[in-house]
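So the structure is just underneath, and the comments pick up after that.
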Amino acid sequence: MLRAMWQPITAAVLLAVPMLSAVPASAEQAEKGFQPIFNGKDLTGWQGEPGRWSVEDGAITGVTAPDNPLKKASYLFWRGGKPADFVLRASFRFVSPAGNSGINFRSQELPGGDIKGYQADMETGPDWTGGLYECNQREVVARRGQKVVIAEDGKRDVSELGDGAKLLKLIKPHDWNRCEIIARGPEITIKINGTVMTQVIDREKGKAAASGLISLQVHPGPPMKVQFKDIRIKTR
């Protein structure tokens, strides 16, 4: 009886092989060229305020507490370079009821640990996650659901990519979310959980940044805890 069953089972397995191999091949292709910039164990390659940043459960963790409040934003800098054109992928979540954070890129480090530059914004509230902010310069560049084209003279042309409220429903405020930042020349795209949230084409003279630092942020405000993991980058 075992021998009689062997041939049908073998045929079924052979038929299934192309379907099974297609899934990992697709996933592998999607990740081709990406390099991890966080080892999942410690803060090697990163630099930030002691006591503010650590690694918990395989994730970079930033905290504020009633006995350790923030007067200004705290940043954890990746010291591996100042990329220009890249795709950055990471997962983030807020463990606390409230929180405000972000992934900064193409930034300049300022005295006192502050920065100037772009930020893929994120929070537990309804307003900012998925938008593009610029620290210590133009502030709100684009809100979730917007495409913004900024001319050399700073004039903005704003159009709608999608409904901001509907896009918010795709974001999990207290669970892991996948964030992707695509920066190619003047074009910046922010995706969360595979959906485009914001697109910006920034050509403003003297303000548009072409390269710079990557960092993670903890924002002043109520006590909070934010985590980041699976951080990897592809440059060209």
Net charge of neighbours whose Cβ lies under 12 Å from the Cβ of ASP230, counting Lys and Arg as +1 and Asp and Glu as -1
+3
Greater than 28 Å separation of Cα atoms is the criterion. Which listed pairs, LYS166/LYS234; LYS116/LYS229; LYS116/LYS169; LYS205/LYS225, meet it?
LYS166/LYS234; LYS116/LYS169; LYS205/LYS225
Residue of GLN217, GLN146, GLN35 that the Gaussian network model of the chain assigns the largest fluctuation, springs spanning Cα pairs under 10 Å
GLN35
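Under 14 Å from the Cβ of LYS41, count the other residues' Cβ atoms, weight Lys and Arg +1, Asp and Glu -1, and hand me the total.
Details: positive: LYS229; negative: ASP42, GLU56, ASP57, ASP230.
Summing Lys and Arg as +1 and Asp and Glu as -1 gives -3.
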Cβ-placed point charges (K, R +1; D, E -1), dipole of the range 174-236 about Cα centre in debye, nearest 20:
200
Between helix 2-30 and the chain, what is the angle of the helix's C-alpha long axis to the longest principal axis, kept within 0 to 90° and rounded to the nearest 10?
20
Dipole magnitude of the range 35-235 about its Cα centre, charges +1 at Lys/Arg Cβ and -1 at Asp/Glu Cβ only, in debye to the nearest 20?
280
For the range 134-236, the Cα-Cα pair-distance distribution in 5 Å bins from 0, as whole percents, is 2, 10, 18, 22, 21, 17, 8, 2, 0
Suppose every Lys and Arg Cβ carries +1 and every Asp and Glu Cβ carries -1, with no other charges. What dipole size does the range 49-161 come out with about its Cα centre, to the nearest 20 debye?
140
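Laboratory data are not the source of any read-out in this text; all were calculated from the coordinates shown. Just so we're clear, the structure is a prediction, and the values are computed from it rather than from any experiment. Every residue, glycine as well, gets a Cβ built from its backbone with ideal geometry; the counts of neighbours run over all protein chains shown.
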